[in-house]
Structures are given as structure tokens and as C-alpha cells.
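Nothing in this text is a laboratory measurement; each read-out follows from the coordinates by a stated rule. Keep in mind it's a predicted model, so treat the numbers as computed, not measured. Reconstructed Cβ throughout: ideal geometry from the backbone, glycine too, with neighbour counts over all protein chains shown.
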Amino acid sequence: MPKKSKRSAKEIDLTDEQRMIVNAKINECDCVLINAYAGTGKTSTLRKLAEALSDRRVLYICFNRETALHAKKYFPKNTDCRTIHSLAFSLIGGVYREKIGILRPLDIMRKLKLSKSYLAVFTIQGVERFLYSIDEQIQTKHMPVEASTCGINLDELVNCSRVLWELMQDKNSAVPMTHDGYLKIWAKTNPKLAAYDFIFLDESQDTNPVTLDVVMRQRLHKTTGLVFVGDTHQSIYSFRGSINAMEKLQEISTLKYTLTKS
């Protein structure tokens, strides 16, 4: 009886919509989609859901490091709060620890012996668009639209981007490896997050294709339940190659919920 009273006290602040999610019989074969409007308590809902899954191991993938650090203070001990980049770094990124940095157009212009700085900018953008994608090789479609309108030979630009990507991967090269670069390398290894029974992906509306692909591939093992949460009406990082995964997941999700009340 005291245990029941404690549970009621913990749920007293939940809305009916939140309680429906927390009390749902979610299993490792499910793909759950939670469309949460701004200010409706999506993070607290995920925390309560993690508590309800106390006998399971949960991976909570946060959008940035600050959110992950904050979540570690409030989520239960069965939950590992990480960014997708921290997962990649723990297995791949460490190899490039000494050369992780950002790509500077003037440095790349000199390294690739390009005649104009804007060619270096387009070359870098081509690599970045490739890194966000699930493609195996840099292609014309990764080149920025502005390049074609400037009359630049796209095939030559593709070659420049491919050379740059090779230099980034070369541990003996001074060309920096970016955070999205080692994420791409890790993703291509088809990582299995078998240590977790459930994966929560926060801010799903702003995830990029390579991150979504890594998470979705866990479903192939049929031992990891997936919970995607976000707001279909908010997507603020499209410039970083993000897609609105919430829309893509509508057809394949097994359970759908909406948070509308604050």
C-alpha cells in the first residue's frame, strides 16, 4: 500500500496525455512516436517513462552536450544520457583526437591549391552535406546549389570534396577531422547499440539522416524499442542537413501519442 501511494505522488503532476505514455505497455519491438508541442513537458515525460522502464537499460540521445549534462542530473540510473557524437567519439573519434577541429576555407584553399576562396567554401559545404547524408560516396547532389549558378564545373568540385574527405580521414594529414566526420565514419560501421533495451531520440524534428539511420537500424535486431519525440511544427536546424524525422516516422511507428497540454 505505501508503494502505491508513492507512485501516485510521483504521477500527480502529469497530464492525462503524459500519463497515457508513461503507463503504456511499450516493448522492445515498438517504434513510438510522440509529437510534443512546445511547453508540454516532453523531457519530464521521457524521464517518467524511463522510470517506468526501471528494469530496462535506456539510451536517451540528446541534441547537444548541455542537454545531455542536464539530463544526467534528473534521469534515473537506468538511463544513459548522451549525444550521438559522444557515442561515435567513444568508438571512433578518439583515433582523431589530436586533429579534431573545424575546416577553414583559407586553409583548405591553400591545401588543395584552389584559385579562389569561394571554391574552398563550396568544397567544404559539399563534404558537410555528404556527412549528414546516408550516402556512401560524395556525389554531385551534395554540392551547394550556389555552385551550379556560378558556372562552376560540378564534377571538378565533387573531386575536390572527395580529396578533402580523404585528407580529413588521413591521421597523418594536418587537415582537421570534424565532429560530423567521425560520426559519419562510425555510422558506416553499422554500429549495434545492443547494450540498450530502449532508445529515446529527443528533438527528432531536427535530426539528420545519418543519425536517424543509425537509430532506425537498431530496430532490425528486434531487441531495442525506439521512442522518437519532437515537434512536427518546429525544425530549426535544416541548415545542418536535418530532416523532419517526425513526418518520416508516421507510417512505420507502432504507437503514436501527442502532447498538447502544458
task: For the chain, give the magnitude of the charge dipole about the Cα centre (Cβ charges: +1 Lys/Arg, -1 Asp/Glu; no others), in debye to the nearest 20.
output: 920
task: Determine how many Å³ per residue the convex hull of the Cα atoms of the range 102-176 encloses.
output: 83
task: With label points built 7 Å along Cα→Cβ from the Cα atoms of Thr258 and Thr223, find their separation and express it in nm.
output: 3.7
message: Past the 21 angstrom mark, what percentage of all C-alpha to C-alpha distances in the range 3-133 do you count?
response: 60
Exposure proxy order (Cβ contacts within 10 Å, fewest to most) of Met143, Met216: Met216, Met143
task: Please compute the net charge surrounding Tyr96, taking Lys and Arg as +1 and Asp and Glu as -1 over other residues with Cβ under 13 Å from its Cβ.
output: +1
- request: Sort Ser86, Ser161, Ser262 so the one with the fewest other Cβ atoms within 10 Å of its own Cβ comes first.
  value: Ser262, Ser86, Ser161
message: Order these by the 10 Å Cβ neighbour count, fewest first: Asp206, Asp107.
response: Asp107, Asp206
query: Residue separation times 0.36 nm, minus the C-alpha to C-alpha distance between Lys72 and Gln234: what's the value?
result: 55.8 nm
- prompt: With the contact rule set at Cα under 8 Å and sequence spacing of 6 or more, what percent relative contact order holds for the chain?
  reply: 32
task: Determine, from the Cβ-Cβ distance of Asn172 and Tyr118 and an R0 of 35 Å, the FRET efficiency 1/(1 + (r/R0)^6), rounded to the nearest 0.05.
output: 0.75
- line: Once amide hydrogens are built 1.01 Å from N within the peptide plane, the residues lying 5 or more places from Arg57 or on another chain with amide H under 5 Å from its amide H are Asp197, Phe198
- line: Bounding extents of the chain in its principal axis frame from Cα atoms, largest first in Å, are 76, 36, 30
query: Using only helices, what value at 222 nm comes out for the chain when you add -39,500 (n - 2.57) per DSSP H run of length 4 or more and divide by the total residues, to the nearest 500 deg cm²/dmol?
result: -12000 deg cm²/dmol
- prompt: What nm value, rounded to one decimal, do you get for the distance between Glu156 and Thr189 when each label is placed 7 Å out toward the C-beta?
  reply: 3.8
- request: Answer with one residue from Phe130, Pro209, Thr224: the one whose Cα lies farthest towards the positive end of the charge dipole of the chain, charges on Cβ with Lys, Arg +1 and Asp, Glu -1.
  value: Thr224
message: What distance in nm separates the two pseudo spin-label positions at Asp16 and Arg110, each 7 Å out from Cα along the beta-carbon direction?
response: 6.6
